[in-house]
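Trainee: To start, I am sharing the structure in question, which I have written as C-alpha cells.
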Amino acid sequence: MSIIENHKTVGSPLSEGAKLRARDVCVFYGEKQAIYNVSLDIRQNEVIALIGPSGCGKSTFLRCLNRMNDTIDICNVTGEILLDGDNIYDPRVDVVPLRATVGMVFQKPNPFPKSIYDNIAYGPRIHGLASSRVDLDEIVEKSLQRAGLWNEVKDRLHAPGTGLSGGQQQRLCIARTIAVDPEVILMDEPCSALDPIATAKIEELIDELRENYTIAIVTHSMQQAARVSQRTAYFHLGQLIEVNATDKVFTTPEHQLTEAYITGRFG
Amino acid sequence: MTDSTMTTRQKVEASMRRRRAAETRFRLYGMASVLFGLLCLVVLFGDIFSKGTSAFSQTVLTTTIEIDGDYLDITPDSSESDIMSANYDGLIKRHFKNDVQPKGRSEARSLFSLISSGAGWQIQSQVLEDPSVIGKTVTVDLLVDDDVDQWFKHEYGNDSGSVRLSEKQLEWITGWIESDALKTQFNTTFFVNGDSREPELAGIRGAITGTLLTLLVTFLLSFPIGVAAAIYLEEFAPKNRLTEIVEININNLAAVPSITFGLLGLAIFINIFGVSRSTPLVGGLVLTLMTLPTIIISGRAAIKAVPPSIREAALGLGASKMQTVFHHVLPLAMPGMLTGTIIGMAQALGETAPLLMIGMIAFVVDVPGFINDPSTVLPVQIFLWSDSPERAFTERTSGAIMVLLGFLIIMNTAAVMLRRRLERRW
Amino acid sequence: MNYSTLLIALLIALGAAYFLGRNRARSLAGQGESMHSLPTHYGALTALWTTLPPLLILIMWVMLEPRIVDALLTMQLPEAIRTASEAEVRLALSKVHNIASDPTMMGQSDLGSVAAHLVDLEQRAAILKGGVILSVILLGVAVTWRRIQPDLRARGEVERIVRIMLFASSAIAVLTTLGILVSVLFEAVLFFQKVSPIEFLFGTTWSPQVALRADQSGSSGSFGAVPLFAGTLLISAIAMFIAVPVGLMAAIYLSEYATSRVRQLAKPALEVLAGIPTVVYGFFAALTVAPFIRGIGESVGLDVSSESALAAGLVMGIMIIPFVSSLSDDVINAVPQSLRDGSYGLGATRSETVRQVVIPAALPGIVGAVMLAVSRAIGETMIVAMAAGLAANLTANPLDSVTTVTVQIVTLLVGDQEFDSPKTLAAFALGLVLFIVTLALNFVAIKIVQKYREQYD
C-alpha cells in the first residue's frame, strides 16, 4: 500500500457551516512528516469518528484541533484550522481560551490526584467560571450528572478521584471537560483502557452529549465508530483517504484502502 | 464582573489578563532562581580567583651579598653540620645594616623585619649546594616579609600608604624599587614548602602529599570493598529481610553527616584500635567508610545496567555464577564502577569535618613520607589558614582553594570522559 | 618486622602461592590425572589459604598488641601510680611511650626503666609477630599443596570463600552504622553519668569549659544544649529559606519551561555548586559574605555580628540549592505527562498546571527531598565552623551570632581530648543527637521518596 502522491480525499470532507475547518494541515515531528495536507470539516453537533491503522496520524490530527501538539517541542504544524471562522494557529491566538472551548479527553483516564469534587472544579476555578461557592457546587453537580456519574459518587465527592474504577475515572475526566462548558470535545481513544461494560456506558454518554457538543473521536474499534458516529474519516499513513457518512463508509466504502481496512485485511 | 449572562468564552477571555500576568510572574521567578544559582557560582569563583591569583607570585629582593667565611666561621672545607649551623641570619642583618645604614636599634629592627625570616635558609641552602661560594660575593633573590609582599603586590602605586608598614620602612622599600631590586616572581615556595607560621614561607606541598597519601589509602580500601559489596548485593544476596536491612542501611549511610564518621574514627580507630592520630592511614580509613556508600550505590547501578542476556549467555555455556559475574558482568560494569569511584574520591578529596576529629588539624611542617607520618590534607590546610589574621594567609588560602578546585575539576572531567568513552550501548 | 614489610611479604606469598598451586595442578594433569577443576582454581585456592589466615591474624594482632603491651607495662609502673586513679595510669603510660620513642630521654625520668621494658617488649613482639605470620604462610602453602589432588573440588571451595569475602564486604556498611552508633552511644552514656540527660536536653546554658574556680557556673561547666539546638535550627531554617524556593523554582523552570539547550547548560552548571567542598563555602562565608552583610547592616544602622547566623545560613542555602533542585527535578519528572496533558487539555496555563497539578502530585517526593536537605543542613559542619560563632546565644535574631551542634563537636574535640572529662564526652552526646535526628530524617525521607516513585512506576 504505497502512499498516493497528492492524494485527494474521496467522499465529502467539506461541508457548509462547519464548526471546525481544517485546511491543508501538515504536521512535522522534527524532520519527519506525520500528516499530509489534510482538509476536513467538522459540523456542529455531530460525532465524527477518526479511524485508521496505528500510526496513521489520526491522534496527531486530533491533537492539532486544540493545539495540544504545542506541548511537544519538536512538533510543527502548517496549514490552517478555523474554529467558527477564526484560525486557531494565528500567532495572536492564546491556547488557553482555545482549549477551554475545545476540550479533550485522553486515552488513559488521567484524574488529578485530588478529590472528585476538585477534579471537576479545577477547570471552572482556573477559568473563573463560577462566581460563588454555590455556583461551583452547581457546576460540579451538573457536570457529574451529564457524565452519568452523579449517582455513583454523590456521597463521596471529597474522596480522591484516583480511587474510582477505570470506567468511572474516564467518566470523571469527561465530566471534568464538560465542566468548562466547551463547544467541541475531542476524544482520543477514550475507551481503549476500559472493559466492555464501561465502554458501553461511555458510548451511551457520547450519544447523549451530541445534543450540546460537537465531538471528534479517535477510535481503534470500527464497531465503536459505527455505533457512536454520524460521519467517519479514514486516515492512512498520514493522509486523509475518505470521509463519508458512517453507514456509507462501513457498507459501501468508496476507496479501496478504506475497504481493505474495514474488511480487516490490515490494521 | 462574572455575570451569569456572559458566555463561557467571554468569561475565559475576561480571566486572561490576570492569568497571563501570573504566568509571566511565575516564569520570571523560575528564571530568577536559575540565574541566582548561576550568579552564586560566578561570584564564588570570582571571589576566590580575585583573592587567590596573587598567591602564585611572590615578591623577592635581589641583592648582592658577600658570603663572608670569617664572619660565618666556615670555609669551603668545613663539615656539613658546621655549614648548617652557621649564623646566616646575622650575615644578612649585617649586610643590610651596612647597606641601608639604619639609625639606632629600633630602626634596625624594623629594617630587618622587612626581610623574611626564611632568608637565612635561602643562603644556607645555596652554600650547602655549593660550598665554594664561601668568601665570594653572590647575587640572591631574598624572600621579603609578607607585609612587604602584600604592599608591593596590592598597594604599590595606589599612593595609599600602608597600615602595616611605617613611613621609614616604605622609604627603604621605595629605594629598593627605584634601584629595581624588588620584583615579583612565580611563587615556587608555595608549591615546595610545607606549612609555616610565616606566610611567605608557607606552602601546600605537605598538604598535597598528605591528601594524596590519604586518598591512596581510601582508594585501596574502598574500591575493592565497594565493588565486592556491590557484586554481592546485586548478584548473590538472597532477597530477604537481612539484605533489605543492608540496602536501607547503605542508602541512609550515604546521607549521614560526615562529622559522625569522624566521631567513629576517633572512638574506634584511634581509641580502640590504637591507630596513631593525624596520619593518612586513619584519615584514609575514615574516608573509606564515608565513600563506601557512594561506590556501592553506583556500583550496583552499573551492574544493574548490564543486560541479563549477557548473564544468561554465559550461564547457558556452563559457566558458574561466580565465573559469569567475574568474567562477563564485572568487565562490562567496570566503567560505571570507576566513574562512581572517582566521584566518591572527589567527595573524599574535599572532605574536611571528619578529619578534624582525628587530629589531621595538627600543625605539620614536614612533608609526610608514608601513610603513618603525621600530616594534614589540603582542605584542612585551607581551614587552618583561613583562620589566620594575616592578609597574606587569606591570599594563600584562596590559592590553595584554587589548587583544590583544580584537582576536583580534573577528577570530575576524568569521570565524565570515562563515562563517555567507555559507555557501551547494548 | 613492621607492618609494611609484613604486608609486602603477604603480597609476595599471594603471588607465589598462586603459581605453586597452579603448577602443581598442571603437573598432576600432565601425569595423566583428570583434575576436577582448572589449574587456575587450584592456584587461587592456594593463594587464598596462604594469605587469608595470616591477614586475619595480622588484623587481630594490630587490635590486641597495644592493649597487651599496656597491661604488661602497667604492672611495671611504680606502686604509687598504679594504685592512683585510672587517669594517672594512662598519663604515665603515655609518658612511657614518649620516652621510649626518644632514646635521649631514657635516663632522665624515673619511668626510664619502664620505657626500657617497653622497647624490649616491642622488639620481642615484632620478632614474634614476624615468626607467627611467616609460619602461618608456610603452613598454608604446605597444607594446600598436599590437598591438591585430582578429586579436590577446588572451584567450589574457591567460590565459597570468595562469596564469604563478598558478603563480608557488604557487611562493612552495616558494621559502620553499628560502629557509629556504638562509639557515640558508649561515650554518650559516660557523659550522661556525669550530666543528667534532662539538663542536657532542656538546659539553656551551654558553657562546656570546666571551671577553674568552684564558684563559676557549675564547677564542671554547664551542658544545657538548647542554645545549640536553637542555633542549628536557626541556621538550617535560613538555609532552607533560600534553598527550597530557589532550588524548587529552578527545577521547575528547567524541567517545564527551559529549552533543552538552556537545560543542558544550566543543569551541570548548577551541579558544580554541589561539588564544591564545604570548606570553600566556609571560607567564602567567613571572608566575603559575613563582612558584606555586616557592611550592609551598618549602612542601615543595624548591629550585625561579624559571625552572624545570616551569613552562615545564606551560604549554606546556596550550597543546598543544587541538592534540592536535582532531587526535585527527579521527582517532577516522575509526574506522568498524562496529568499535564489533562490540565493543558482543559485550558490551564503552564503555571496553573505546575502549581495546581504537578506540584500537588509531586508533593510527597518534594517533601522527601526537603527532608533530606534539612538533614544535610543540620549535619553541615565546615560552613558553620568557619562562619558561625562559638557563642551559645539563645536567640532568634539572624543577625546575632549563634553556635550549632556540629560547631561544638568540632570545638570540643579539636585539641586535647580527655575521655574522662565531660567536656570531651559532651561532643559524643551531641554526636548521638545529631546521628539520631539525621538518621530518622533520612530514613523517613528515603521511604517517602521510594513510595512516591512506586506510585507512578
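The values are calculated or read from the model by the stated rules, or taken from the named source; none is laboratory data. Since this is a predicted model, take the numbers as computed values, not measurements. Cβ: placed from backbone, ideal geometry, glycine included. Neighbour counts: every protein chain shown. Each accessible area value is taken on the protein alone, full model and side chains, heavy atoms only, with ligands, DNA and RNA left out. Shrake-Rupley method; radii C 1.70, N 1.55, O 1.52, S 1.80 Å.
Trainee: I'm checking my understanding of the structure. Among residues of segment B:190-200 that are over 16 Å from the mean Cα position of the chain (by Cα) and crowded, with 21+ Cβ neighbours inside 10 Å, which one is nearest to B:Pro389 (Cα to Cα)?
Mentor: Only one residue fits best here, namely B:Pro199.
Trainee: Next up: Testing B:Ala362 on (1) part of a helix (DSSP H, G or I); (2) open to solvent by 10 Å² or more (accessible area, probe 1.4 Å), one condition comes back false. Which one is that?
Mentor: (1)
Trainee: What single numbered condition from (1) free of Cβ contacts under 8 Å to residues at least 24 places away in the same chain; (2) within 14 Å of chain B (Cβ to nearest Cβ); (3) hydrophobic (A, V, I, L, M, F, W, C) fails to hold for C:Ile383?
Mentor: The single condition C:Ile383 does not satisfy is (1).
Trainee: Tally up the residues in segment B:336-359 that are part of a helix (DSSP H, G or I) and either open to solvent by 20 Å² or more (accessible area, probe 1.4 Å) or in contact with a strand residue (DSSP E or B) (Cβ under 9 Å, 6 or more places away or on another chain) (or both), please.
Mentor: Residues meeting the conditions: 5.
Trainee: For segment A:128-138, does any single residue satisfy the condition of being facing chain C (nearest Cβ under 8 Å), of a type outside the set (Val, Ile, Thr) and either surrounded by fewer than 20 Cβ atoms within 10 Å (Cβ to Cβ) or in a helix (DSSP H, G or I) (or both)?
Mentor: No.
Trainee: List the helices (runs of 4 or more DSSP H) inside segment C:244-317, counting only whole elements, that have at least 2 residues being hydrophobic (A, V, I, L, M, F, W, C) and open to solvent by 50 Å² or more (accessible area, probe 1.4 Å).
Mentor: Where helices (runs of 4 or more DSSP H) fall fully within segment C:244-317 and carry at least 2 residues being hydrophobic (A, V, I, L, M, F, W, C) and open to solvent by 50 Å² or more (accessible area, probe 1.4 Å), they are C:260-275, C:290-299.
Trainee: Against the condition among the hydroxyl-bearing types (Ser, Thr, Tyr), surrounded by 18 or more Cβ atoms within 10 Å (Cβ to Cβ) and within 14 Å of C:Ile378 (Cβ to Cβ), how does C:Thr424 come out, does it pass?
Mentor: No.
Trainee: Is it the case that B:Leu215 is within 12 Å of chain C (Cβ to nearest Cβ), within 22 Å of the chain's Cα centre (by Cα), open to solvent by 10 Å² or more (accessible area, probe 1.4 Å) and among the hydrophobic types (A, V, I, L, M, F, W, C)?
Mentor: Considered against the rule, which asks whether it is within 12 Å of chain C (Cβ to nearest Cβ), within 22 Å of the chain's Cα centre (by Cα), open to solvent by 10 Å² or more (accessible area, probe 1.4 Å) and among the hydrophobic types (A, V, I, L, M, F, W, C), B:Leu215 comes out as no.
Trainee: Quick check on C:Ser308: is it assigned by TED's automatic domain parsing to the domain that holds C:Lys451 and touching a strand residue (DSSP E or B) at 6+ places or on another chain (Cβ under 7 Å)?
Mentor: In short, yes.
Trainee: Related question: Are any residues in segment A:82-112 of a type in the set (S, T, N, Q) and buried (at least 22 other Cβ atoms within 10 Å of the Cβ), and if so, which ones?
Mentor: A:Asn110 - this is the single residue of segment A:82-112 that is of a type in the set (S, T, N, Q) and buried (at least 22 other Cβ atoms within 10 Å of the Cβ).
Trainee: If the requirement is being in contact with a helix residue (DSSP H, G or I) (Cβ under 8 Å, 6 or more places away or on another chain) and closer than 30 Å to C:Ile436 by Cα, which of these qualifies: B:Phe219, B:Phe236, B:Phe190?
Mentor: B:Phe219
Trainee: Just for helices (runs of 4 or more DSSP H) wholly inside segment B:1-102: which have at least 1 residues that are closer than 30 Å to A:Pro97 by Cα?
Mentor: B:8-52
Trainee: Can you run down the residue pairs with Cβ atoms below 6 Å, 6 or more apart or on separate chains, where the first is in segment A:222-250 and over 19 Å from A:Arg265 (Cα atoms) and the partner is acidic (Asp, Glu)?
Mentor: Cβ pairs passing all conditions: A:Arg227/A:Glu203; A:Val228/A:Glu203; A:Gln230/A:Glu46.
Trainee: Are there any pairs, at least 6 apart or on different chains, whose C-beta atoms fall under 8 Å, with the first in segment B:259-275 and without any contact (Cβ under 8 Å) to a residue 40 or more places away in the chain and more than 7 Å from chain C (Cβ to nearest Cβ) and the second assigned to a helix (DSSP H, G or I) and open to solvent by less than 30 Å² (accessible area, probe 1.4 Å), and if so, which?
Mentor: That search, which allows pairs on different chains as well, returns B:Val275/B:Phe269; B:Val275/B:Val282.
Trainee: Counting residues that are within 14 Å of chain C (Cβ to nearest Cβ), which strands (runs of 3 or more DSSP E) fully inside segment A:34-106 reach at least 1?
Mentor: Output list reads A:75-83, A:102-105.
Trainee: What number of residues within segment B:314-335 are in contact with a Ser or Thr (Cβ under 9 Å, 6 or more places away or on another chain) and open to solvent by less than 10 Å² (accessible area, probe 1.4 Å)?
Mentor: Result for segment B:314-335: 1.
Trainee: Does segment C:333-350 contain at least one residue that is open to solvent by less than 30 Å² (accessible area, probe 1.4 Å), within 11 Å of chain B (Cβ to nearest Cβ), out of contact with any strand residue (DSSP E or B) (no Cβ under 9 Å at 6 or more places or on another chain) and in a helix (DSSP H, G or I)?
Mentor: The answer is no; no qualifying residue exists.
Trainee: Under 6 Å by Cβ, and 6 or more places apart or on different chains, what pairs join a residue from segment C:153-179 that is closer than 30 Å to B:Thr260 by Cα and open to solvent by 20 Å² or more (accessible area, probe 1.4 Å) with one that is in a helix (DSSP H, G or I) and hydroxyl-bearing (Ser, Thr, Tyr)?
Mentor: These pairs meet every condition: C:Phe167/B:Tyr232.
Trainee: Still on this model: Taking only segment B:134-154 into account, find how many residues are out of contact with any Leu (no Cβ under 7 Å at 6 or more places or on another chain), crowded, with 16+ Cβ neighbours inside 10 Å and over 20 Å from B:Thr188 (Cβ atoms).
Mentor: 1
Rundown of residues vs (1) open to solvent by 40 Å² or more (accessible area, probe 1.4 Å); (2) part of a helix (DSSP H, G or I), yes/no style:
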site: C:Glu33; (1), (2): yes, no
site: C:His36; (1), (2): yes, no
site: C:His41; (1), (2): no, yes
site: C:Leu48; (1), (2): no, yes
site: C:Leu56; (1), (2): yes, yes
site: C:Ile59; (1), (2): yes, yes
site: C:Leu73; (1), (2): no, yes
site: C:Leu91; (1), (2): yes, yes
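Trainee: Can I ask one more? A:Gly148: more than 8 Å from every other protein chain (Cβ to nearest Cβ), on the phi > 0 side of the Ramachandran plot and in contact (Cβ under 8 Å) with a residue 24 or more places away in the chain, yes or no?
Mentor: Yes.
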